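Notes to accompany the following structure.
Every read-out reported here was derived from the displayed coordinates using simple, explicitly stated rules and does not represent laboratory data. In this text, all values refer to a predicted model and were calculated from it rather than measured experimentally. Cβ sites come from the backbone with ideal geometry, for glycine too, and all protein chains shown count toward neighbours.
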Ligand SMILES: *Cc1c(COP(=O)(O)O)cnc(C)c1O
């Protein structure tokens with residue numbers, strides 16, 4: 001088998017238009033979002049207007065990171081000290097971290113083998129915890145049945161905040177991910193769908209909520225210089241009652257992001273071609289389960305997952321190293337200890353330990369990889385063929 005030689009962490013270069021916009025900001029010297037010349041609208045404010053239009057929402061706030069956006073969303077929603085907040089048992093560290101950072105207590109909900117929420121377990125945990133809030137992590141881009149989920153949350157008066165770090169641009173029945181609850185939280189960190197190194201975007205249609213979030217983000221009394229903010233009447237008491245948790249976005253990063261929004265839908269089509277090429281290869285491999293993507297889901301295939309149910313820990317490790325020896329970097333969610341960006345709930349020891357047998361069984365056989373756009377569709381077929389080759393050798397038994 002011919003080894004693959006691509007780099008799984010190499011993103012595409014920043015486009016010339018974004019570089020030119022960044023150079024303009026640097027030449028002007030006004031990098032802080034509130035440092036504007038007379039009559040000038042800052043790049044950060046323009047980004048907020050651009051992203052609000054893309055997302056189809058009233059209000060948008062640019063901030064320091066995706067994790068930061070989730071943290072202030074929870075606070076602006078009214079989450080109080082020690083209160084339970086529901087979230088997926090399968091997610092990444094910034095999600096329980098944001099809940100803990102807001103002083104609240106994550107309550108982990110089991111997942112299905114399609115990597116979506118187990119709605120039966122969710123209902124059980126709503127009842128047992130009495131939670132008023134859910135931070136839904138649309139982990140690795142897999143959308144839970146949003147119609148059933150929103151009906152269930154509404155029935156129990158649970159407020160929904162969506163972590164859309166992996167679903168910027170995704171849809172469910174034509175509606176954009178992030179627009180199903182009170183707020184959507186997005187990341188523009190290098191490995192997500194827009195790349196400014198670090199960065200976060202928070203969206204909502206609720207003016208009270210967004211006024212609090214804007215003041216939390218460190219707006220001082222300059223909230224009128226935002227690009228997609230509620231009218232100033234919403235700030236009259238909020239600005240006096242809300243702490244400043246400085247976490248603003250600067251104009252340099254905003255300038256880099258704005259041209260990328262224009263290219264986002266085209267990139268989504270490119271990701272999906274690559275995802276479907278991998279999916280097609282692995283769908284043929286005996287013993288492998290590729291998560292089902294429902295018809296309602298408009299996917300963004302920026303990463304790929306497959307399950308090899310029943311695989312032993314030793315065999316899983318052998319598969320990872322066999323794939324690596326052929327140049328394919330797999331992440332395995334069953335590992336005892338956290339590696340790089342990959343961790344599981346047992347590693348978040350600041351949480352109360354939870355029994356999540358269904359999730360644990362799924363994670364024990366779950367493999368994951370990024371699909372950077374520097375890979376061609378042919379590269380993805382090659383990667384799929386390598387994985388198929390490794391998996392068919394049949395030595396990875398439970
Ligand atoms: C990346 C990520 C975030 C936000 O990350 P930041 O690094 O804080 O921008 C949130 N949720 C998930 C699932 C992520 O992967």
Open item on the list: Testing residue 75 on (1) away from the ligand (no atom under 16 Å from the Cβ); (2) in contact with a helix residue (DSSP H, G or I) (Cβ under 7 Å, 6 or more places away or on another chain); (3) farther than 14 Å from residue 203 by Cα, one condition comes back false. Which one is that?
Closed with: (1)
Task: Options 103, 97: the member that is surrounded by fewer than 19 Cβ atoms within 10 Å (Cβ to Cβ), under 27 Å from residue 242 (Cα atoms) and within 16 Å of the ligand (Cβ to nearest atom) - done: 97
Task: Selection within the range 36-81 - touching a strand residue (DSSP E or B) at 6+ places or on another chain (Cβ under 6 Å) and free of Cβ contacts under 8 Å to residues at least 60 places away in the same chain - done: 79
Task: Among (1) outside any loop (DSSP other than H, G, I, E, B); (2) crowded, with 17+ Cβ neighbours inside 10 Å, the one test that residue 300 misses - done: (1)
Task: Which numbered condition residue 279 fails, given (1) within 18 Å of residue 166 (Cβ to Cβ); (2) out of contact with any strand residue (DSSP E or B) (no Cβ under 9 Å at 6 or more places or on another chain) - done: (2)
Open item on the list: away from the ligand (no atom under 14 Å from the Cβ) and surrounded by 19 or more Cβ atoms within 10 Å (Cβ to Cβ): is that true of residue 136 in this structure?
Closed with: no
Task: The one condition in (1) under 23 Å from residue 110 (Cα atoms); (2) surrounded by 24 or more Cβ atoms within 10 Å (Cβ to Cβ); (3) away from the ligand (no atom under 15 Å from the Cβ) that residue 152 fails to fulfil - done: (2)
- [ ] Please go through the range 333-350 and pick out each residue that is under 19 Å from the mean Cα position of the chain (by Cα), within 16 Å of residue 109 (Cα to Cα) and not in a loop (DSSP other than H, G, I, E, B).
- [x] 345
Task: Residue check, residue 359 surrounded by 14 or more Cβ atoms within 10 Å (Cβ to Cβ) and farther than 21 Å from residue 279 by Cβ - done: yes
Task: Matching entry among 217, 246 (being buried (at least 24 other Cβ atoms within 10 Å of the Cβ), within 16 Å of the ligand (Cβ to nearest atom), over 19 Å from the mean Cα position of the chain (by Cα) and farther than 21 Å from residue 138 by Cα) - done: 217
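Take residue 182 and decide whether it is away from the ligand (no atom under 13 Å from the Cβ), in contact (Cβ under 8 Å) with a residue 12 or more places away in the chain and in contact with a helix residue (DSSP H, G or I) (Cβ under 7 Å, 6 or more places away or on another chain).
So residue 182 passes the test.
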Open item on the list: Quick check on my filter: what residues within the range 185-205 are within 16 Å of the ligand (Cβ to nearest atom) and either surrounded by fewer than 21 Cβ atoms within 10 Å (Cβ to Cβ) or within 10 Å of the chain's Cα centre (by Cα) (or both)?
Closed with: 185, 186, 187, 188, 189, 190, 191, 192, 193, 195, 197, 198
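To keep it simple, each residue is scored yes or no on (1) out of contact with any helix residue (DSSP H, G or I) (no Cβ under 8 Å at 6 or more places or on another chain); (2) surrounded by 15 or more Cβ atoms within 10 Å (Cβ to Cβ); (3) in a strand (DSSP E or B).
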site: 320; (1), (2), (3): yes, yes, no
site: 324; (1), (2), (3): yes, no, no
site: 328; (1), (2), (3): no, yes, no
site: 363; (1), (2), (3): yes, yes, no
site: 367; (1), (2), (3): no, yes, yes
site: 380; (1), (2), (3): no, yes, no
site: 383; (1), (2), (3): no, yes, no
site: 386; (1), (2), (3): no, yes, no
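Taking the criterion of being at positive phi and within 12 Å of the ligand (Cβ to nearest atom), would at least one residue in the range 155-173 satisfy it?
Looking through the range 155-173, none of the residues is at positive phi and within 12 Å of the ligand (Cβ to nearest atom).
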